[in-house]
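Asker: Here it is, the structure in full.
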Amino acid sequence: MALFSKKKKKRVVVIGIDGVPYTFIRKHIDSGDFPNFKALLEKGDFRRMNSVMPCISSVAWSSYMTGCNPAKHNIYGFIDRKPNPFDMFIPTSVNMKAPTLWQILSENKLRVVVINVPVTYPPKEVNGVLIADFLATDLRKAVYPQSVFDKLDSIGYRIDVDAWAGRKDKDKFLEDINYTIDKRIETAYWLFESQKWDFFQLHIMSTDRINHFLWEEYEADDPKYAPQFLAFYKKIDSFLGEMEKKVSENSEFIVLSDHGFCSIKKEVFTNYWLEKEGYLKFSKEKRSGLKDMSPETKVYSLIPGRFFVNLKGREQFGSVEPGAEYEKVRDELIEKLPTMTDPETGNKIIRRVYKREEIYSGPHFEQAADIIADPQNGYDLKANLNQDQLALKGSLEGMHTYDDASLYIRSRQIIGDSLWIADLMPTILHLLGVNIPEHVDGKVAV
Amino acid sequence: MGKGFTVWFTGLSGSGKTAISKFVEKEILKQGREVEVLDGDVVRTHISKGLGFSKEDRDAHISRLGWLASRFSHYGVPVITAAISPYKDIRNNCRQMITSAGGIMVEVYCECDLDTLIKRDVKGLYKKAIAGEIKNFTGVSDPYEAPDNPEVVCDTAKETVEESAQKVIDKLYELGCLKKEGETEEPYSEAEKKEIDKRLEALGYL
Ligand SMILES: Nc1ncnc2c1ncn2[C@@H]1O[C@H](COP(=O)(O)OP(=O)(O)OP(=O)(O)O)[C@@H](O)[C@H]1O
Ligand SMILES: [Mg+2]
């Protein structure tokens, strides 16, 4: 009896489209450019979603896969610092402190296929297949299990596009990005068909890449590059349509992006500002990195808008006393940062400044920046040293925005009025009938 | 792969450099890392062969040690050097070489008074030096410049070898040269790190 009454097993497919704004998709659905997406809307719910602070792919996808705020998963950016001895490092899956969606599914004996999701390198063991993200340098080390490497190699799978080409040679960049997405899709189909899985996720990074380097051409309707930009997105649209058809009706089909995009008016150098305001000091001639800063430093910053107080007892050469002095420095910053203006236009650069306790809570809270600044759209906060001006227009064209991520779920109504990216992990566990761990911050959104 | 570092012992002959280094070497190996030990006496029979004990020759000998250590550091291999290395400025040059190659320099000063050293006289050299049979003998007839800011000071006249070694080992953990169990492991080699830095820089993510 049981054999016949057994329902077909529920499965979930997730397609991540990195950095594709909700408003952008809406606009091109309306103008008829994305017929497949349009068809999806008729079958499901599509909503604008919030990212996480700071809205960087590594932080956002970490919150996605753990359902947690950064103080629980410990990933605060693509670059971070160890306070003592002072050192810079690149956070990877090694630093991820909360269990991931695929770890939990694996423990529940469900099989997973996970392709290219940020901060999955080095790959951890899963019940299934995992191909790590662009934080990998060598494909051989980016795959779990090792046995899938040969096939990927024969496909010609590429971990990421060459972003330097994006700055220097747009034609070469477009060729690269089209090749990379084709191979990624080919790989996805191969795994989709050849593996047993309950949870399947493909992450498309190329959307973020093309936005970084061609967003201005797109907005300006450049005669040469705007059509190529749109052609790339139409390719993504067709892929979504094709993929959706492959996902049987009683399975779930989810598409999401992790943040929005807007064009960059100026890159703004927060460490330049800190130096001018007397918070950041270098004693030696050498200033090749923050490690050369002088012990007199009171505050230093990391990208994007993460300000660290040089706190005694925490930082290697701390100079600010914990307690009253620390709070005084933070209050000063909260007062002064919003007065930062674009020297050319007089426009305000900072939208809002947060104390870390306002936006983070969890066991890895101590690793967080003391102050987090959220910029106005168009002002991309950078932490480069050795700049001779506060703000300039460089070769990067697009920057991330917080409130314009997107979420699509087929055959479902998306609920909740403060939807954010951490809601996905509990939502997916719920859809697969797996218990949601108590520590999770996100809420089930269906 | 972990970060490269150099444990740089300095101190008079018989002050305990070799003895302490043996314990430190063991601890590094225990952590599953490789380690290159460059003992002054041994290096003098190879790349420093033919060099004597004039200031010039000593400086050349120590610079070679420092350069070698910096190369190992660049590739993330821990190094221990155990040579008298009496001159401050040359030791500082070596520190410069090692840190600019991406390594951490951990200077260990083996401090010991002359009376104790003469009493120990492990190699019988002090006796000869005092009798004038060895010229340019550090601490007797040649200068020794103690470091101003060593990472570790071992008072070997008072401490046991084990106690001194423990101080060095504790410092290695404190500085992140060695990782305690459960502590995160560095996922990149130096070369891979450069590649990733370049990629993130192009994206404007650094
Ligand atoms: N705390 C201590 N640390 C190191 N050695 C000690 C200590 N206490 C006593 N000793 C003894 O002192 C002697 C130090 O000799 P060792 O060969 O290590 O000196 P060295 O600094 O390497 O001299 P050289 O420069 O001539 O090679 C050993 O016999 C060791 O047992
Ligand atoms: Mg010795």
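The values are calculated or read from the model by the stated rules, or taken from the named source; none is laboratory data. Bear in mind the structure is a predicted one, so any value in this text is a computation, not a measurement. All Cβ positions, glycine included, derive from the backbone under ideal geometry; neighbour counts span all protein chains shown. With ligands, DNA and RNA removed, areas are computed over all heavy atoms of the protein, side chains included. Shrake-Rupley method; radii C 1.70, N 1.55, O 1.52, S 1.80 Å.
Asker: Across region B:184-206, which residue is nearest to the other protein chains (Cβ to nearest Cβ) among those that are among the hydrophobic types (A, V, I, L, M, F, W, C) and open to solvent by 50 Å² or more (accessible area, probe 1.4 Å)? Steps first, please.
Answerer: Here is the first cut: in region B:184-206, the ones among the hydrophobic types (A, V, I, L, M, F, W, C) are B:191, B:196, B:200, B:202-203, B:206.
Pick out the ones that are also open to solvent by 50 Å² or more (accessible area, probe 1.4 Å) and you get B:191, B:206.
Working: B:ALA191: 8, B:LEU206: 5 Å.
Per the stated criteria, the residue is B:LEU206.
Asker: Output the residue which, of all residues in region B:185-206 that are part of a helix (DSSP H, G or I) and touching a Phe, Trp or Tyr at 6+ places or on another chain (Cβ under 8 Å), is nearest to A:PRO122 (Cα to Cα). Let's see the steps before the verdict.
Answerer: Taking region B:185-206 as the starting set, the residues that turn out to be part of a helix (DSSP H, G or I) are B:190-202.
Going one step further and asking which of them are touching a Phe, Trp or Tyr at 6+ places or on another chain (Cβ under 8 Å), we end up with B:190, B:196, B:198-200, B:202.
On the way: B:GLU190: 16, B:ILE196: 13, B:LYS198: 18, B:ARG199: 17, B:LEU200: 17, B:ALA202: 21 Å.
It comes out as B:ILE196.
Asker: Moving on. List the residue pairs whose Cβ atoms are under 8 Å apart, where the first residue sits in region A:8-37 and is more than 25 Å from A:TRP197 (Cα to Cα), the second is outside any helix (DSSP H, G or I) and aliphatic (A, V, I, L, M), and the two are 6 or more positions apart or on different chains.
Answerer: Close Cβ pairs satisfying both conditions: A:PRO21/A:ALA405; A:TYR22/A:MET49; A:TYR22/A:ALA405.
Asker: Hey, can you tell me all the residues within region A:154-170 that are of a type in the set (A, V, I, L, M) and over 15 Å from A:THR207 (Cα atoms)? Show your work before the answer.
Answerer: Within region A:154-170, the first condition is being of a type in the set (A, V, I, L, M), and the residues that meet it are A:155, A:159, A:161, A:163, A:165.
Answer for region A:154-170, where residues must be of a type in the set (A, V, I, L, M) and over 15 Å from A:THR207 (Cα atoms): A:ILE155, A:ALA165.
Asker: Checking the condition open to solvent by 10 Å² or more (accessible area, probe 1.4 Å) and at pLDDT 95 or above, which residue from A:ASP182, A:ASP169 passes?
Answerer: Criteria check complete, one pass: A:ASP182.
Asker: Something else about it: Looking at region B:1-41, which of the residues that are over 20 Å from B:GLU107 (Cβ atoms) and either among the β-branched types (Val, Ile, Thr) or touching a residue at least 60 places away in the same chain (Cβ under 8 Å) (or both) is nearest to ligand 1 (Cβ to nearest atom)? Outline the logic, then answer.
Answerer: From region B:1-41, those over 20 Å from B:GLU107 (Cβ atoms) are B:1, B:26, B:29-32, B:34; that's our starting set.
Subsequent filtering for residues that are either among the β-branched types (Val, Ile, Thr) or touching a residue at least 60 places away in the same chain (Cβ under 8 Å) (or both) retains B:1, B:31.
Working: B:MET1: 30, B:GLN31: 22 Å.
Applying the filter and picking the extreme gives B:GLN31.
Asker: Given A:THR120, A:THR92, A:THR137, which one is β-branched (Val, Ile, Thr), more than 9 Å from chain B (Cβ to nearest Cβ) and open to solvent by less than 40 Å² (accessible area, probe 1.4 Å)?
Answerer: Details: A:THR92 fails: more than 9 Å from chain B (Cβ to nearest Cβ); A:THR137 fails: more than 9 Å from chain B (Cβ to nearest Cβ).
A:THR120 is the lone residue from the list that is β-branched (Val, Ile, Thr), more than 9 Å from chain B (Cβ to nearest Cβ) and open to solvent by less than 40 Å² (accessible area, probe 1.4 Å).
Asker: Show the residue pairs meeting these rules: Cβ distance below 6 Å; 6+ apart or different chains; first residue within region B:127-140 and surrounded by 14 or more Cβ atoms within 10 Å (Cβ to Cβ); second residue of a type in the set (Gly, Ala, Ser).
Answerer: Here the result reads B:PHE137/B:ALA129; B:VAL140/B:ALA129, each pair linking region B:127-140 to a residue that is of a type in the set (Gly, Ala, Ser).
Asker: A further question follows. Checking B:LYS179 against (1) over 30 Å from A:LEU381 (Cβ atoms); (2) within 14 Å of chain A (Cβ to nearest Cβ); (3) open to solvent by less than 20 Å² (accessible area, probe 1.4 Å), only one condition comes out false. Which one?
Answerer: With (1) over 30 Å from A:LEU381 (Cβ atoms); (2) within 14 Å of chain A (Cβ to nearest Cβ); (3) open to solvent by less than 20 Å² (accessible area, probe 1.4 Å) applied to B:LYS179, the lone miss is (3).
Asker: While we're looking at this one, here's another question. Got a number for residues in region A:147-177 being away from chain B (no Cβ under 14 Å), of a type in the set (A, V, I, L, M, F, W, C) and farther than 24 Å from A:VAL126 by Cα?
Answerer: So the first thing to find is which residues in region A:147-177 are away from chain B (no Cβ under 14 Å), and the list is A:147-157, A:171, A:174-175.
Now drop any that are not of a type in the set (A, V, I, L, M, F, W, C), which leaves A:148-149, A:152, A:155, A:174.
Narrowing further to those that are farther than 24 Å from A:VAL126 by Cα: A:174.
The total comes to 1.
Asker: Search region B:161-174 for residues that are more than 14 Å from every other protein chain (Cβ to nearest Cβ) and more than 10 Å from ligand 1 (Cβ to nearest atom) and pair each with any residue that is among the acidic types (Asp, Glu) and in a helix (DSSP H, G or I) when their beta-carbon atoms are under 7 Å apart and the residues are at least 6 apart or on different chains.
Answerer: B:ILE169/B:GLU27
Asker: Still on this structure: It is to be established whether one or more residues within region A:423-445 are in contact with a Cys (Cβ under 7 Å, 6 or more places away or on another chain) and closer than 30 Å to A:SER263 by Cβ.
Answerer: no
Asker: Residue by residue through region B:21-49, note down the ones that are more than 10 Å from ligand 2 (Cβ to nearest atom) and in contact with a Lys or Arg (Cβ under 9 Å, 6 or more places away or on another chain).
Answerer: If the condition is that a residue be more than 10 Å from ligand 2 (Cβ to nearest atom) and in contact with a Lys or Arg (Cβ under 9 Å, 6 or more places away or on another chain), then B:GLN31, B:VAL37, B:VAL43, B:ILE47, B:SER48 are the ones that fit.
Asker: Collect the residues in region B:83-115 that are loosely packed, with under 14 Cβ neighbours inside 10 Å and either within 14 Å of chain A (Cβ to nearest Cβ) or within 16 Å of ligand 2 (Cβ to nearest atom) (or both), keeping them in residue-number order.
Answerer: B:GLN96, B:SER100
Asker: Considering only residues that are within 16 Å of ligand 1 (Cβ to nearest atom) and more than 20 Å from B:ILE134 (Cβ to Cβ), which ones fall in region B:47-66?
Answerer: The one that is within 16 Å of ligand 1 (Cβ to nearest atom) and more than 20 Å from B:ILE134 (Cβ to Cβ): B:LEU65.
Asker: While we're here: Which residues, counting only those in region A:283-305, are part of a loop (DSSP other than H, G, I, E, B) and surrounded by 14 or more Cβ atoms within 10 Å (Cβ to Cβ)? If you could, list the steps in order and put the result at the bottom.
Answerer: First, the residues of region A:283-305 that are part of a loop (DSSP other than H, G, I, E, B): A:283-289, A:294-298, A:303-305.
Residues satisfying the conditions are A:ARG287, A:SER294, A:GLU296, A:THR297, A:LYS298, A:ILE303, A:PRO304, A:GLY305.
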